[in-house]
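Trainee: Please see the structure below; I have some questions.
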Amino acid sequence: MSWPLPRGGTFLLAAIAGTAIANNYAVQPALTAVAADLDVPLSVIGLVPTAALAGCMTGFALLLPLTDHLAPNRLVTAQLTALAAALALAATAHDASVLLAAYLLVGATASVAAQAGNIAGRHARPGRGGTGVALVAAGMSAGILLSRLAGGALTDALGWRRMLLVFAALALLGALAAATLLPRHRPHTDRGYRATLTALAPLLLHQPRLRRAVTTGALWYFAFNLVWIALTLDLAQPPHSLGPTAIGLYSLAGLLGFAALPLTGRLTDRYGPRTVIGVSMAAAATGTALLATGLDTPWRTALGLALFDAGCFAAQAANQSRVIALDPARSGSLSSVYLVAYFTVGAVGTAVAAPLLDAVGWQGTALTALLALFLALLLTLRAGRR
């Protein structure tokens with residue numbers, strides 16, 4: 001039996017997801033300040049977002065399947081508490097190696113955001129699974145979008161170390177709320193945790209629909225990370241030379257995607273994920289084409305980012321609903337496989353952004369992202385014909 005969430009439970013999960021996943025991105029506008037404070041090259045500190053994504057992948061592989069085994073209140077509370085501790089370690093780091101290690105832990109524990117989406121889909125009322133997942137996705141998108149703005153503003157006001165402590169306090173508040181309000185019932189399963197982990201890899205072999213979801217999702221997440229990391233670095237350099245707060249303001253352009261996600265959930269429940277994904281990829285590709293024309297005009301950059309973010313976030317919500325629906329009883333395991341591959345390719349996008357920007361410039365980087373989005377769209381259309 002799947003115990004339904006209490007009133008307001010989905011919104012709590014959305015808030016938890018947003019404040020948790022924000023920690024993978026909030027430090028990005030502050031990277032130059034961190035490099036100066038630790039007296040290390042920017043190329044070294046540029047690995048911090050990569051470390052966070054690598055940690056997230058570890059969390060998806062080892063921690064996300066726990067949603068099939070542990071009560072939501074205990075699981076979410078434990079991870080948020082660990083996230084607060086990891087952020088405190090990062091805030092006190094005086095060595096780049098310690099900071100990178102801390103962000104591996106931050107990324108791993110921030111994977112609670114994916115657990116929140118899985119819990120919302122599993123414990124939603126009948127016929128509302130897509131809506132529940134989309135609402136949590138809206139929280140995640142708000143966290144991702146506003147994290148750079150909040151991180152940049154807090155860094156300018158308090159310094160990057162105190163900025164991290166503010167996010168640690170938010171994680172502790174989320175832990176307290178989760179312990180009080182989330183379901184206390186443990187999911188029924190015939191598998192042990194070790195057996196669940198052993199069975200993860202074969203899922204890709206036996207689930208062709210999971211393979212399609214993995215491939216298309218990985219392509220647009222590669223494009224998402226490539227665009228945002230390269231854009232952040234390019235805007236910080238001449239001729240733009242923008243500060244952390246100004247760079248963070250561009251994340252507000254993605255509010256269109258945040259506003260569209262509740263509608264995305266209803267459309268997914270009504271028309272199916274494939275239709276929503278196809279339209280979303282077309283919107284993201286249009287936005288990327290606008291960005292490829294250059295970053296000299298703020299309104300054009302903002303419009304391009306709005307379409308780009310809206311398309312990527314809507315596609316992810318629909319895709320996650322599709323994965324959960326394959327087998328709700330094993331949704332944690334299915335989501336684990338999906339998100340490990342998703343973030344693995346996303347980490348590649350993060351890692352290659354700086355060298356690709358140096359090699360081919362902003363326009364070449366944006367066109368690379370556009371190619372990935374077109375491939376995702378073609379794969380979606382091909383699956384529809386089949």
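The values are calculated or read from the model by the stated rules, or taken from the named source; none is laboratory data. Here the structure is a predicted model, which is why all the values come from computation and not from measurement. Cβ: placed from backbone, ideal geometry, glycine included. Neighbour counts: every protein chain shown. Side chains are part of the model used for accessible areas, which takes the heavy atoms of the whole protein and leaves out ligands, DNA and RNA. Shrake-Rupley method; radii C 1.70, N 1.55, O 1.52, S 1.80 Å.
Trainee: Looking at L70, L80, L53, L12, which one is of a type outside the set (D, E), in contact (Cβ under 8 Å) with a residue 12 or more places away in the chain and not in a helix (DSSP H, G or I)? Lay out the reasoning, then the answer.
Mentor: Values: L80 fails: not in a helix (DSSP H, G or I); L53 fails: not in a helix (DSSP H, G or I); L12 fails: not in a helix (DSSP H, G or I).
L70 is the lone residue from the list that is of a type outside the set (D, E), in contact (Cβ under 8 Å) with a residue 12 or more places away in the chain and not in a helix (DSSP H, G or I).
Trainee: Okay, next question. Please go through (1) open to solvent by 10 Å² or more (accessible area, probe 1.4 Å); (2) more than 17 Å from the chain's Cα centre (by Cα) for F222 and return the number of the only condition it doesn't satisfy.
Mentor: Status for F222: all satisfied but (2).
Trainee: Which condition does A329 not pass, out of (1) modelled with pLDDT of 80 or more; (2) touching an Asp or Glu at 6+ places or on another chain (Cβ under 8 Å), if it passes all the others?
Mentor: That leaves (1) as the condition not met.
Trainee: Just one of L146, L104, L99, L164 is open to solvent by 40 Å² or more (accessible area, probe 1.4 Å), in a helix (DSSP H, G or I) and at pLDDT 85 or above; which is it? Spell out how you get there, then give the answer.
Mentor: Values: L146 fails: at pLDDT 85 or above; L99 fails: open to solvent by 40 Å² or more (accessible area, probe 1.4 Å); L164 fails: open to solvent by 40 Å² or more (accessible area, probe 1.4 Å).
Exactly one residue qualifies, and that residue is L104.
Trainee: Here is a further query. In the stretch 85-96, which residue that is open to solvent by 10 Å² or more (accessible area, probe 1.4 Å) and part of a helix (DSSP H, G or I) is modelled with the lowest pLDDT? Don't jump to the end; show me each part of the working.
Mentor: If we filter the stretch 85-96 for residues that are open to solvent by 10 Å² or more (accessible area, probe 1.4 Å), which is where we start, we get 85, 88-89, 92, 94-96.
Next cut, part of a helix (DSSP H, G or I) only: 85, 88-89, 96.
On the way: A85: 96, A88: 96, L89: 96, A96: 89.
Here the residue is A96.
Trainee: How many residues does the stretch 5-27 contain that are under 19 Å from L87 (Cα atoms) and open to solvent by 10 Å² or more (accessible area, probe 1.4 Å)? Give the steps one after another, and end with the answer.
Mentor: Let us first name the residues in the stretch 5-27 that are under 19 Å from L87 (Cα atoms), namely 15-27.
Of the ones still in play, those that are also open to solvent by 10 Å² or more (accessible area, probe 1.4 Å) are 15, 19.
Qualifying residue count for the region: 2.
Trainee: Related question: Output the residues belonging to the stretch 41-50 that are outside any loop (DSSP other than H, G, I, E, B) and buried (at least 18 other Cβ atoms within 10 Å of the Cβ).
Mentor: We begin by selecting, within the stretch 41-50, every residue outside any loop (DSSP other than H, G, I, E, B); these are 42-45, 48-50.
Once the filter is applied, which keeps residues that are outside any loop (DSSP other than H, G, I, E, B) and buried (at least 18 other Cβ atoms within 10 Å of the Cβ), the stretch 41-50 yields I45, V48, P49, T50.
Trainee: Can you pull out the residues in the stretch 241-255 that are touching a residue at least 24 places away in the same chain (Cβ under 8 Å) and part of a loop (DSSP other than H, G, I, E, B)?
Mentor: G243
Trainee: Additional query: Quick one: is L181 over 30 Å from L370 (Cβ atoms), in contact (Cβ under 8 Å) with a residue 40 or more places away in the chain and touching a helix residue (DSSP H, G or I) at 6+ places or on another chain (Cβ under 7 Å)? Break it down into steps so the answer makes sense when it comes.
Mentor: On the way: over 30 Å from L370 (Cβ atoms): yes; in contact (Cβ under 8 Å) with a residue 40 or more places away in the chain: yes; touching a helix residue (DSSP H, G or I) at 6+ places or on another chain (Cβ under 7 Å): yes.
Here the answer is yes, as L181 does meet what is asked.
Trainee: Which numbered condition in (1) over 22 Å from the mean Cα position of the chain (by Cα); (2) more than 24 Å from T109 (Cβ to Cβ) is the only one that L158 fails?
Mentor: Unmet for L158, out of (1) over 22 Å from the mean Cα position of the chain (by Cα); (2) more than 24 Å from T109 (Cβ to Cβ): (2).
Trainee: Same structure, new question: Just to be sure I understand the filter: pairs with C-beta atoms under 6 Å, separated by 6 or more residues or on different chains, first member in the stretch 356-369 and without any contact (Cβ under 8 Å) to a residue 40 or more places away in the chain and within 16 Å of P238 (Cα to Cα), second member open to solvent by 20 Å² or more (accessible area, probe 1.4 Å) and of a type in the set (A, V, I, L, M). Which pairs pass?
Mentor: Nothing qualifies.
Trainee: Being open to solvent by 40 Å² or more (accessible area, probe 1.4 Å), at pLDDT 90 or above and within 18 Å of L377 (Cα to Cα) is the filter here; which residues of the stretch 280-325 pass it?
Mentor: Once the filter is applied, which keeps residues that are open to solvent by 40 Å² or more (accessible area, probe 1.4 Å), at pLDDT 90 or above and within 18 Å of L377 (Cα to Cα), the stretch 280-325 yields A282, T286, A289, L290, L307.
Trainee: Taking the stretch 330-386 on its own, how many of its residues are basic (K, R), open to solvent by less than 70 Å² (accessible area, probe 1.4 Å) and farther than 30 Å from R194 by Cα?
Mentor: Quick first cut of the stretch 330-386, residues basic (K, R) only: 330, 382, 385-386.
Those still in the list that are open to solvent by less than 70 Å² (accessible area, probe 1.4 Å) too: 330.
Applying the additional criterion that residues be farther than 30 Å from R194 by Cα yields none.
Of the residues in the stretch 330-386, 0 are basic (K, R), open to solvent by less than 70 Å² (accessible area, probe 1.4 Å) and farther than 30 Å from R194 by Cα.
Trainee: Condition check: more than 15 Å from A86 (Cβ to Cβ), among the aliphatic types (A, V, I, L, M), at pLDDT 85 or above and surrounded by fewer than 20 Cβ atoms within 10 Å (Cβ to Cβ). Does L38 satisfy that? Break it down into steps so the answer makes sense when it comes.
Mentor: Working: more than 15 Å from A86 (Cβ to Cβ): yes; among the aliphatic types (A, V, I, L, M): yes; at pLDDT 85 or above: yes; surrounded by fewer than 20 Cβ atoms within 10 Å (Cβ to Cβ): yes.
Here the answer is yes, as L38 does meet what is asked.
Trainee: OK, next. Can you name every residue in the stretch 182-218 that is modelled with pLDDT under 75, surrounded by fewer than 17 Cβ atoms within 10 Å (Cβ to Cβ) and part of a loop (DSSP other than H, G, I, E, B)?
Mentor: Within the stretch 182-218, R186, H188, T189, D190, R191, G192, A199 meet the criteria.
Trainee: Another question, then. What's the number of the condition R270 fails, among (1) touching a residue at least 40 places away in the same chain (Cβ under 8 Å); (2) more than 20 Å from Y25 (Cβ to Cβ); (3) open to solvent by 60 Å² or more (accessible area, probe 1.4 Å)?
Mentor: All conditions are met except number (1).
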